[in-house]
Amino acid sequence: MKHGAKAGRLWASAETPPLLDPGPVAGHPRVVVRETVCRSVLNQSSISDYSLNCYTGCTNECVYCYARFMQRFHPHAEPWGEFVDVKVNAVETLRRQLRRARPGDVFMSSACDGWQPIEASRRLTRGCCELLLESGFSVNVLTKSELVMRDFDLFAGRNGRIGVTITTLDDRLSRLWEPGASSVAARCRIVAEARRAGLRTGIMFAPLLPFLSDTTESLETMFECAADLAVDDLWVDALNPRPKVWSSVSDLLRREFPELHEPYRRVLFNEGARAVYRAEVRNRVTAAAARFKLQDRLTGCF
Ligand code: SF4
């Protein structure tokens, strides 16, 4: 449904919304920003009871991002990472939905980073977290943005967890694979500060980059870091061959790691090689977790 005449320039449609504001998003001058209205923002989820996304698109621009599939439903001329649609009525929509929704766990966020740079001025994720926590829902944060620290005050004494995703502890690799996200050091700082604030914490090591961040040495560095941070919950996931992901991964490999292009293709798309690869990585993960006495906190591994 378009909201052309009544709602002025705001659209809620499967079509690309009209351009309102070509930037600026701090640090992302190329990003195209559009405003949309949504009919629902709290959605049932297979990951948790609910998921909530205040934005379509994500300027963290991760090369391996599975959320690229959103472009099937919300086509954009710009490539993934260079557009953000802002659901300007997210907080009001959530307030309406909460009159009927049964309290549960809300994953924040499943198809964007709720604390990506534009959230600094829009404050929609903050507004939704506030409403949810006040209404007895638990909020399960997963982010790569240090902006989340702005909102720790909301979580104090409430039911929630502050989680960060870390793909690698190697900053050079991180800049290549997730150029718009906060630095690895900043993500570790989020966990340390959350813990200091008395909040439950988590780290998702994902996706492990084949032959780059899935070696024994790399995994041990990650688990050592998790142990130092005394994180409460850990998850690990492999890189999966999801729709639209391979073309961007393939481009980066050809440019930066040409010798890995074929090995990646094999472990992603050859069923036999993939099964062997996953079993080997699982064994290395289990061993690294055991070495740092973190088996009990590893609540999910592919
Ligand atoms: S932070 Fe998440 S949603 Fe955003 S680009 Fe990276 S993987 Fe995709």
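The values are calculated or read from the model by the stated rules, or taken from the named source; none is laboratory data. Computed from a predicted model, the values in this text were never measured in an experiment. Here the Cβ is made from the backbone with ideal geometry for all residues, glycine too, and neighbour counts use every protein chain on show.
Take segment 146-164 and flag every residue that is within 23 Å of residue 237 (Cβ to Cβ) and either within 14 Å of the ligand (Cβ to nearest atom) or modelled with pLDDT under 95 (or both). Before the answer, list the steps.
Kept after step one, since they are within 23 Å of residue 237 (Cβ to Cβ), are these residues of segment 146-164: 146, 148, 160-164.
146, 148, 163, 164, listed by residue number.
Which count do you get for residues in segment 172-184 that are assigned to a loop (DSSP other than H, G, I, E, B) and surrounded by fewer than 16 Cβ atoms within 10 Å (Cβ to Cβ)? Going through segment 172-184 one residue at a time, the tally reaches 2.
Give me a count of the residues in segment 62-72 that are modelled with pLDDT under 95 and either within 12 Å of residue 174 (Cβ to Cβ) or more than 6 Å from the ligand (Cβ to nearest atom) (or both).
Quick first cut of segment 62-72, residues modelled with pLDDT under 95 only: 66-72.
Filter once more, keeping what is either within 12 Å of residue 174 (Cβ to Cβ) or more than 6 Å from the ligand (Cβ to nearest atom) (or both): 66, 68-72.
Of the residues in segment 62-72, 6 are modelled with pLDDT under 95 and either within 12 Å of residue 174 (Cβ to Cβ) or more than 6 Å from the ligand (Cβ to nearest atom) (or both).
Does residue 169 satisfy the condition of being farther than 20 Å from residue 119 by Cα and either under 17 Å from the mean Cα position of the chain (by Cα) or assigned by TED's automatic domain parsing to the domain that holds residue 209 (or both)? Considered against the rule, which asks whether it is farther than 20 Å from residue 119 by Cα and either under 17 Å from the mean Cα position of the chain (by Cα) or assigned by TED's automatic domain parsing to the domain that holds residue 209 (or both), residue 169 comes out as yes.
Among the residues of segment 185-198 satisfying the criterion of being among the small types (Gly, Ala, Ser) and either within 16 Å of the chain's Cα centre (by Cα) or crowded, with 16+ Cβ neighbours inside 10 Å (or both), which is farthest from residue 151 (Cα to Cα)?
First, pick out the residues of segment 185-198 that are among the small types (Gly, Ala, Ser): 185-186, 192, 194, 197-198.
Adding the requirement that they be either within 16 Å of the chain's Cα centre (by Cα) or crowded, with 16+ Cβ neighbours inside 10 Å (or both) leaves 186, 194.
Details: 186: 15, 194: 10 Å.
Among those residues, the one meeting the criterion is 186.
Of the helices (runs of 4 or more DSSP H) entirely within segment 185-302, those holding at least 1 residues that are closer than 18 Å to residue 164 by Cβ and among the acidic types (Asp, Glu) occupy 216-229. Among the residues of segment 47-61, those identified as of a type outside the set (S, T, N, Q), within 15 Å of the ligand (Cβ to nearest atom) and buried (at least 17 other Cβ atoms within 10 Å of the Cβ) are 52, 54, 55, 57, 58, 61. Residues in segment 30-50 that are in a loop (DSSP other than H, G, I, E, B) and touching an Asp or Glu at 6+ places or on another chain (Cβ under 8 Å): 30, 31, 48, 49.
Residues that are surrounded by 17 or more Cβ atoms within 10 Å (Cβ to Cβ) and more than 12 Å from the ligand (Cβ to nearest atom) within segment 84-96 comprise 85, 86, 87, 88, 89, 90, 91, 93, 94, listed in sequence order.
Only one residue in 125, 167 is within 12 Å of the ligand (Cβ to nearest atom), among the hydroxyl-bearing types (Ser, Thr, Tyr), touching a residue at least 40 places away in the same chain (Cβ under 8 Å) and touching a helix residue (DSSP H, G or I) at 6+ places or on another chain (Cβ under 7 Å), so which one is that? 167 is the lone residue from the list that is within 12 Å of the ligand (Cβ to nearest atom), among the hydroxyl-bearing types (Ser, Thr, Tyr), touching a residue at least 40 places away in the same chain (Cβ under 8 Å) and touching a helix residue (DSSP H, G or I) at 6+ places or on another chain (Cβ under 7 Å).
For residue 112, the requirement of being within 21 Å of residue 247 (Cα to Cα), within 12 Å of the ligand (Cβ to nearest atom) and touching a strand residue (DSSP E or B) at 6+ places or on another chain (Cβ under 6 Å) is met. All conditions but one from (1) touching a Ser or Thr at 6+ places or on another chain (Cβ under 6 Å); (2) among the hydrophobic types (A, V, I, L, M, F, W, C); (3) in a strand (DSSP E or B) apply to residue 169; the one that does not is (3). Look at (1) more than 22 Å from residue 160 (Cβ to Cβ); (2) within 16 Å of the ligand (Cβ to nearest atom) and you find that residue 39 fails only one, number (2). Considering segment 128-145 alone, what residues qualify as being closer than 18 Å to residue 201 by Cα and away from the ligand (no atom under 16 Å from the Cβ)? The answer is 129, 133, 137, 138, 139.
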